[in-house]
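Here's the structure, in structure tokens; my notes come after.
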Amino acid sequence: MSEVREYRQARFRRPPGACELLIVRHGESAPERADQPFPRVDGQGDPPLAPAGHDQAERVAARLAHEDISGIYVTTLQRTAQTAAPLAARIGVEPRVEPDLREVHLGEWEGSFRRNMAEGHPLARQVVTEGRWDVIPGAEPHDAFAARVVAGVGRIATAHADECVVVVVHGGVIGRIMGHAAGATDGFAFVGADNGSISHLVVTPERWVIRCFNDTTHLGPGYSTAPEPPT
């Protein structure tokens with residue numbers, strides 16, 4: 001009698017030539033206040049991390065310190081660099097800046113986005129219903145935002161074939177990355193990434209594969225944030 005072979009379910013393995021991205025949303029940033037406007041970088045609000053954000057950054061570092069990380073990327077906005085700093089110090093990797101992964105530009109709502117959404121500005125519901133930031137006057141066009149985010153991810157993936165990198169970015173950018181990977185027609189299908197969360201993407205020459213979205217287990221039991229759109 002011939003031996004019967006068994007075939008176990010296979011575990012996912014990174015395909016040859018692919019790049020793994022551990023995508024971190026920056027820690028919670030300072031609250032928006034009308035009497036203390038955020039500094040601007042290229043016309044965009046640039047708040048620092050709040051104390052809770054620094055704590056989240058430390059927890060991200062503890063979670064990722066033992067991963068085989070070949071690079072760390074941040075954006076031009078300080079909240080991403082501050083979030084990456086504890087991990088960079090632990091593993092001895094100098095973060096690099098990828099400008100195309102900066103947050104979506106909110107036009108006339110830069111510096112007032114949170115207030116307008118919280119207070120029910122007439123356009124707030126339209127922004128969410130249509131899943132487009134460019135409903136806001138002067139905001140970055142939808143297609144231009146999508147194109148630069150895809151280009152930024154593509155450059156990182158090309159530079160790190162067969163490697164794993166950490167990319168610290170923004171809520172709107174994570175939503176666009178995951179939406180592109182999933183082929184989501186709803187522009188806001190993935191805007192729910194929490195501050196300090198980790199999402200996992202594998203970029204191959206043929207496709208982007210979502211392995212995980214919005215992991216917050218490292219932030220402690222019972223962690224939650226009030227649902228709100230980025231940034």
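General observations
- Considering segment 150-176, and only residues there that are farther than 23 Å from Ala88 by Cα and hydrophobic (A, V, I, L, M, F, W, C), the residue that is surrounded by the fewest Cβ atoms within 10 Å (Cβ to Cβ) turns out to be Ala151.
- Summed over segment 56-77, residues that are in a helix (DSSP H, G or I) and either open to solvent by less than 90 Å² (accessible area, probe 1.4 Å) or in contact (Cβ under 8 Å) with a residue 60 or more places away in the chain (or both) total 8.
- The residue pairs whose first member lies in segment 140-165 and is under 21 Å from Ile69 (Cα atoms), whose second member is surrounded by 18 or more Cβ atoms within 10 Å (Cβ to Cβ) and among the polar types (S, T, N, Q), and whose beta carbons are closer than 8 Å, counting only pairs six or more residues apart or on different chains, do not exist in this structure.
- A count restricted to segment 184-206 and to residues that are part of a loop (DSSP other than H, G, I, E, B) and either closer than 23 Å to Trp133 by Cα or modelled with pLDDT under 95 (or both) stands at 16.
- Which listed residue, of Gly27, Gly53, is in a loop (DSSP other than H, G, I, E, B) and small (Gly, Ala, Ser): Gly27
- For segment 137-149, a residue qualifies if it is part of a helix (DSSP H, G or I) and within 17 Å of Val191 (Cβ to Cβ), and the qualifying residues are His142, Phe145, Ala146, Val149.
- Residue among Gly111, Gly92 that alone is of a type in the set (Gly, Ala, Ser) and in contact (Cβ under 8 Å) with a residue 40 or more places away in the chain: Gly111
- Residues located in segment 1-25, provided they are open to solvent by less than 30 Å² (accessible area, probe 1.4 Å) and touching a strand residue (DSSP E or B) at 6+ places or on another chain (Cβ under 6 Å): Ala18, Cys19, Leu21, Leu22, Ile23, Val24
- Candidates Phe190, Phe145, filtered to the one that is of a type outside the set (A, V, I, L, M) and over 25 Å from Asp42 (Cα atoms): Phe190
- Residue within segment 100-111 that is within 19 Å of His160 (Cβ to Cβ) and either of a type in the set (A, V, I, L, M, F, W, C) or surrounded by 15 or more Cβ atoms within 10 Å (Cβ to Cβ) (or both) present: yes
- Here Leu87 meets each of (1) under 21 Å from Asp186 (Cβ atoms); (2) under 18 Å from the mean Cα position of the chain (by Cα); (3) not acidic (Asp, Glu) with one exception, condition (1).
- Per-region count, segment 95-136, residues on the phi > 0 side of the Ramachandran plot and assigned to a loop (DSSP other than H, G, I, E, B): 3
The values are calculated or read from the model by the stated rules, or taken from the named source; none is laboratory data. Note that the structure is a prediction, hence the values are computed from the model and not measured. Positions of Cβ are backbone-derived with ideal geometry, glycine not excepted, and every protein chain shown enters the neighbour counts. Please note that ligands, DNA and RNA were not included when accessible areas were found on the heavy atoms of the full protein model with its side chains. Shrake-Rupley method; radii C 1.70, N 1.55, O 1.52, S 1.80 Å.
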